[in-house]
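See below for the structure under consideration.
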Amino acid sequence: MQGSGSSCGTNISQLFMDRFTVTVTAVMRWQRSLPLALLLLSPLLISGHDITAAEEERRPNFVLMMVDDLGIGDVGCYGNDTIRTPNIDRLAVEGVKLSQHIAAAPLCTPSRAAFMTGRYALRSGMASTGRVQVLLFLGGSGGLPPNEITFAKRLQQQGYTTGLVGKWHLGVNCEHRGDHCHHPNQHGFSYFYGLPFTLFNECVPGNGSEVLADLQQTLRKLSMMLGLGLLTLVCVRVCGLLEVSMWLLAVLTCVSIVAVAVWYVPLGFLATWNCIIMRNQDVIEQPMTVESLPQRLLGEAQNFIKRNVDQPFLLFLSLAHIHTPLFTTPAFAGKSHHGRYGDNMEEVDWIIGEVMETVDSLGLANNTLMYFTSDHGGHIEDANAHGGWNGIYKGGKAMGGWEGGIRVPGIFRWPGRLPAGRVVDEPTSLMDLYPTLKYLAQDTQPDRLLDGHNLMPLLEGKAERSQHEFMFHYCGAHLNAVRWHPPGSDSIFKVHFFSPNFNPPGAGGCYDTKMCNCHHVTHHNPPLVFDLFHDPAESRPLTSHTEPRFAEILKQTAEAVVSHERTLTDVQVSDSTHTHGDTHVQQSVPSQMSWEKILWRPWLQPCCGTFPFCGCKEGTTP
């Protein structure tokens with residue numbers, strides 16, 4: 001038994017020693033291979049750390065979408081039940097809807113200048129004191145001043161790739177063709193494709209005249225009278241009724257030709273001069289083919305997003321819709337319940353949906369702030385249901401005081417950052433985009449005096465009150481009304497200093513002239529006062545008998561006006577001025593909307609080919 005047990009113990013001991021040796025050998029081999037394993041794994045570990053850090057530190061993308069002349073009542077989520085806008089409505093469901101989003105002006109040029117700069121248009125000389133309140137000729141010298149700063153320029157300085165696809169309408173040249181001093185490329189957009197101007201009736205044959213139509217008619221009649229007079233003198237000479245010098249006839253003939261050319265060349269060829277498409281600083285189509293424009297703008301916007309999927313970018317998609325002339329797209333023709341305007345609106349919604357799909361399919365949704373709005377209210381005087389609907393709000397395009405001219409849709413979507421389905425009823429402005437984008441791009445550099453405020457606290461639900469206690473509503477360069485949101489109150493009072501004279505009397509717009517202006521108005525003393533919280537349609541003016549705070553409202557707004565007007569001339573922060581200590585002295589800004597700046601000059605006219613024989617089609621050699 002001993003022998004047997006000893007043999008068993010020896011075997012067990014030997015087995016233990018063998019296994020111990022194997023284990024020790026394995027450990028030693030593992031120790032020798034550990035540095036090599038760590039060396040091989042370290043790039044992956046470091047790379048993974050860098051990717052995570054990059055994802056965390058990467059700044060958001062921005063996709064801003066603006067419609068032209070869109071009425072707030074044309075969108076489903078703002079109350080329309082006859083035009084289908086499921087994609088815009090989805091933006092609101094997945095994001096934040098602003099119910100009191102206000103344009104700084106009721107017309108394209110000043111509104112867009114304020115939107116781009118975060119400042120009232122008056123500060124950049126883009127507000128008119130005269131009849132004409134928008135740029136009328138692409139060959140004029142007026143435009144957004146070269147020393148003005150846009151949100152695109154601020155973001156470009158922060159390393160963003162910036163693109164504008166669509167409408168600009170803030171000028172091109174200053175002193176000669178090709179200086180491009182007002183061009184989008186000079187204002188922070190590294191890529192531009194679209195309309196340096198805007199759509200006008202002249203862009204589509206058969207839609208009549210829109211630019212200075214009454215002046216054109218007057219000049220046409222004068223030219224006919226001049227021609228008739230010249231023909232009468234020729235007949236008198238031929239018949240021998242009166243001795244008329246040939247030199248006199250020759251001089252009168254030359255004068256007649258020059259007189260006709262002075263107005264007919266700039267106004268008779270507007271489709272060639274104004275209705276063009278540019279890619280960056282090159283004219284690629286003149287005049288443009290309107291029918292295919294929506295699809296081309298969409299394609300350019302989608303391609304811009306795809307090209308910049310791996311870097312922070314800003315895309316401003318500035319649609320040519322809903323401005324007249326309206327588009328005729330077979331896929332949407334006759335599909336709405338609101339005529340051609342409704343067809344166009346549903347095409348807008350489709351375009352918005354396609355842009356959303358592009359962002360989502362590329363996996364960019366959670367890092368992209370999307371924004372939808374209009375530059376001002378709908379054009380209610382446009383005949384044949386071609387104009388927009390501003391819902392319950394009074395007035396429309398070109399009316400700087402009434403809500404219908406300045407209250408616009410405002411929707412932000414940013415999954416994971418902004419709460420879905422949130423509605424903000426506080427006063428906000430298109431000018432708020434500048435400081436909001438600047439904040440999100442981590443731009444902390446000093447800036448000029450801004451009239452907008454960072455919207456993120458309101459959008460995220462971290463703040464309940466707007467920073468806009470007062471807002472100033474302009475008609476051209478004339479202060480039309482003031483909005484006051486008293487601290488600690490739900491009321492939002494609006495004080496009207498004047499209002500347009502509707503025609504015919506009793507109508508809701510200026511139908512005889514097709515658009516209201518800032519001079520044919522009625523001044524109010526005392527001003528008209530409304531409480532927008534209780535009367536958003538501005539149908540019941542307040543009086544000292546119906547509103548206990550009536551005198552206080554007038555006093556507070558009057559003091560606010562004085563303070564605001566002081567900022568237009570006082571010392572203020574500006575990047576383009578002479579430094580004096582910690583502040584900069586604001587230099588006077590020349591008006592960009594004077595007749596001298598607006599009128600057409602042949603040496604400023606963008607042209608593909610040899611001027612005046614301008615003409616080309618996209619995709620072909622001029």
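The values are calculated or read from the model by the stated rules, or taken from the named source; none is laboratory data. Just so we're clear, the structure is a prediction, and the values are computed from it rather than from any experiment. Quick reminder, even Gly has a Cβ in these numbers, built from the backbone with ideal geometry, and neighbours come from all protein chains shown. For the accessible areas, the whole protein counts, side chains as well, though only heavy atoms, and no ligand, DNA or RNA atoms are used. Shrake-Rupley method; radii C 1.70, N 1.55, O 1.52, S 1.80 Å.
If the condition is being open to solvent by 10 Å² or more (accessible area, probe 1.4 Å), more than 20 Å from the chain's Cα centre (by Cα), closer than 30 Å to H496 by Cα and polar (S, T, N, Q), then region 434-484 contributes S466, Q467. Of note, A104 satisfies the criterion of being among the small types (G, A, S) and touching a Ser or Thr at 6+ places or on another chain (Cβ under 7 Å).
When region 108-129 is filtered for residues that are over 19 Å from M65 (Cβ atoms) and touching a His at 6+ places or on another chain (Cβ under 6 Å), only T109 remains. Considering (1) part of a loop (DSSP other than H, G, I, E, B); (2) closer than 23 Å to A558 by Cβ; (3) touching a Lys or Arg at 6+ places or on another chain (Cβ under 8 Å), the lone condition that M471 does not fulfil carries the number (1). Would it be correct to say that Q216 is open to solvent by 40 Å² or more (accessible area, probe 1.4 Å), among the polar types (S, T, N, Q), out of contact with any Gly (no Cβ under 6 Å at 6 or more places or on another chain) and in a helix (DSSP H, G or I)? No. Out of region 447-494, which residues are over 20 Å from D425 (Cβ atoms) and of a type in the set (A, V, I, L, M)? Scanning region 447-494 gives L449, L450, A477, L479.
With respect to the conditions (1) on the phi > 0 side of the Ramachandran plot; (2) part of a loop (DSSP other than H, G, I, E, B); (3) open to solvent by less than 10 Å² (accessible area, probe 1.4 Å), G194 falls short on a single one, namely (2).
Going by what's in this entry, would Q186 be described as in a helix (DSSP H, G or I), polar (S, T, N, Q), surrounded by 16 or more Cβ atoms within 10 Å (Cβ to Cβ) and on the phi < 0 side of the Ramachandran plot? Criteria met by Q186. Whether a residue is buried (at least 24 other Cβ atoms within 10 Å of the Cβ) and either touching a Leu at 6+ places or on another chain (Cβ under 7 Å) or assigned to a loop (DSSP other than H, G, I, E, B) (or both) was assessed, and V132 does not pass this test. Taking the stated definitions as given, is T324 open to solvent by less than 50 Å² (accessible area, probe 1.4 Å) and either assigned to a strand (DSSP E or B) or not small (G, A, S) (or both)? Criteria met by T324. Just one of the listed residues (G229, G206) is over 26 Å from the mean Cα position of the chain (by Cα) and either open to solvent by less than 50 Å² (accessible area, probe 1.4 Å) or within 17 Å of M116 (Cβ to Cβ) (or both), and it is G229.
Yes/no matrix, rows are residues, columns are (1) surrounded by fewer than 17 Cβ atoms within 10 Å (Cβ to Cβ); (2) outside any helix (DSSP H, G or I); (3) of a type in the set (G, A, S):
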| position | (1), (2), (3) |
| --- | --- |
| V265 | yes, no, no |
| L297 | no, no, no |
| K335 | yes, yes, no |
| E347 | no, no, no |
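When A113 is tested against the conditions (1) open to solvent by 10 Å² or more (accessible area, probe 1.4 Å); (2) outside any loop (DSSP other than H, G, I, E, B), the lone failure is (1). Against the numbered list (1) surrounded by fewer than 16 Cβ atoms within 10 Å (Cβ to Cβ); (2) over 26 Å from V211 (Cα atoms), A301 comes up short only at (1). Only one of the numbered conditions (1) in contact with a His (Cβ under 8 Å, 6 or more places away or on another chain); (2) open to solvent by 60 Å² or more (accessible area, probe 1.4 Å); (3) at pLDDT below 95 is violated by S588, and that is (1).
Screening T329 with (1) over 13 Å from D74 (Cβ atoms); (2) in contact with a Lys or Arg (Cβ under 8 Å, 6 or more places away or on another chain); (3) modelled with pLDDT under 95 gives one miss only, at (2). Pairs linking a residue in region 256-267 that is without any contact (Cβ under 8 Å) to a residue 60 or more places away in the chain to a residue that is in a helix (DSSP H, G or I) and hydroxyl-bearing (S, T, Y), with Cβ atoms under 9 Å and 6 or more positions apart or on different chains, are S256/S223; A259/S223; V260/S223; W263/S223; Y264/S223. Residues that are on the phi > 0 side of the Ramachandran plot and open to solvent by 60 Å² or more (accessible area, probe 1.4 Å) were ranked within region 498-538; the one that is farthest from the chain's Cα centre (by Cα) is G506. Residue under question is S491, and the condition is that it be surrounded by fewer than 19 Cβ atoms within 10 Å (Cβ to Cβ) and among the polar types (S, T, N, Q); does it hold? Criteria met by S491.
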